[in-house]
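Asker: Handing you this structure, nothing more for now.
The values are calculated or read from the model by the stated rules, or taken from the named source; none is laboratory data. Predicted, not measured: the structure shown is a model, and the values here were computed from it. Don't worry about glycine lacking a Cβ; one is built from the backbone with ideal geometry, like all the others, and counts go over all protein chains shown.
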Amino acid sequence: MNDPANLHPRRLPPAERGRSQDKSRDDAIIGATLELLGEKGYHGLTMTDVAARAGVSKATLYRRWTTKADVVADAVATLSPMKSPRYPGTSLRDDFVALMEQVGNCDDSPEIVTATREMARVHPDLYRTLSERFGTFVRVELNKLARQAAEAGHAPISEAELDVLGDTVVALLAHCAGPAGAAIPRERLIRLVDNALMVLLTGTRAAF
């Protein structure tokens, strides 16, 4: 069974004594938080609203998350950019494009993404948490591509080079999305992969 602390890092651990906590309530709270973010934005969302929408008591909510920023951070982490993409497997380059499309867009929940960016600007701690999670996610996925590249005969890249590649991906995405966090066109993502990122991963530009 998955440990809730691994799924939601800011969630409080269950008490050592007492009744075991129902995981379905965690899911209901996370779902309610995302719904309310889309409807009210971060500033309009309250813990009382979350508890009511999830159908749980405020005590149940506070036993799991003590602050709004904590539950929002864990809720936002479940959005699609934080899930591993479906790699086509047709080529290393195509898999890299698939990753960039996943992390460069969140068209399924644009209102939530907008609310998240707004709250992150005025909550430095939350901004750091979300940024660290996003950076870690990108690096984990890039490590998969790096292993794939080595298996294909390319020179393995070092941990330092992988760090640089991850930082470059995050920086390019932030630059292309702009302050409004707009979705990045696929054509532009492909150009980034072909002309810059594949060079950092393999030492050569993508072959056409």
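Asker: Could you look through the stretch 82-106, keep only residues that are surrounded by fewer than 20 Cβ atoms within 10 Å (Cβ to Cβ) and within 8 Å of the chain's Cα centre (by Cα), and pick out the one that is nearest to residue 176 (Cα to Cα)?
Answerer: So the residue we want is 82.
Asker: From the list 160, 155, exactly one residue is assigned to a loop (DSSP other than H, G, I, E, B) and among the aliphatic types (A, V, I, L, M). Which is it?
Answerer: 155
Asker: Can I ask one more? Being among the hydrophobic types (A, V, I, L, M, F, W, C), under 20 Å from residue 82 (Cα atoms), in the same structural domain as residue 94 (by TED's automatic domain parsing) and at pLDDT 95 or above: is that true of residue 145 here?
Answerer: It is true that residue 145 is among the hydrophobic types (A, V, I, L, M, F, W, C), under 20 Å from residue 82 (Cα atoms), in the same structural domain as residue 94 (by TED's automatic domain parsing) and at pLDDT 95 or above.
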